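Everything below concerns the one structure shown next.
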Amino acid sequence: MNLILHQAVLEAFQYLKSNEQSTTISLLKEYLNSYAFLDTSLNPPGTPIGYGNHAVNININLEKINNITYTNTFDFYESIMILLNNLKDPHTIFTPPCVSK
């Protein structure tokens, strides 16, 4: 019984609904449009070591993610997490809906 339930839950998380990707990207763009450090993320100050000087173009990278054909939610949301983690800003933590409480 547990194996069947486990498999059903895993399959549900692996399936990416047809509109989920575009809706998520659209909402992220809208939300991040008011990100206070949007301009700084394009040309960050500091040395290239540690938290400084690694530029992140949020909108272009979200478009790149949106143009990839994902077959599951894990890979899609992982791409978003990696992008936002590259900002090195705790204000932009992204938790996928399948792992949030």
Does Leu5 satisfy the condition of being modelled with pLDDT under 95, exposed (fewer than 14 other Cβ atoms within 10 Å of the Cβ) and either out of contact with any His (no Cβ under 9 Å at 6 or more places or on another chain) or of a type in the set (A, V, I, L, M, F, W, C) (or both)?
-> yes
Quickly run through region 22-53 and pick out the residues that are part of a helix (DSSP H, G or I), at pLDDT 90 or above and surrounded by 10 or more Cβ atoms within 10 Å (Cβ to Cβ).
-> Ser22, Thr23, Thr24, Ile25, Ser26, Leu27, Leu28, Lys29, Tyr31, Leu32
Taking region 60-101 and keeping only residues that are within 21 Å of Tyr35 (Cα to Cα) and aromatic (Phe, Trp, Tyr), one is left with Tyr77, Phe94
Scanning region 66-93 residue by residue, those touching a residue at least 40 places away in the same chain (Cβ under 8 Å) and in a loop (DSSP other than H, G, I, E, B) turn out to be Tyr70, Thr71, Asn72, Leu87, Asp89
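The values are calculated or read from the model by the stated rules, or taken from the named source; none is laboratory data. Just so it is clear, the model here is predicted, and its values are computed rather than measured. Counting neighbours? That spans all protein chains shown, and the Cβs are built from the backbone with ideal geometry, glycine included.
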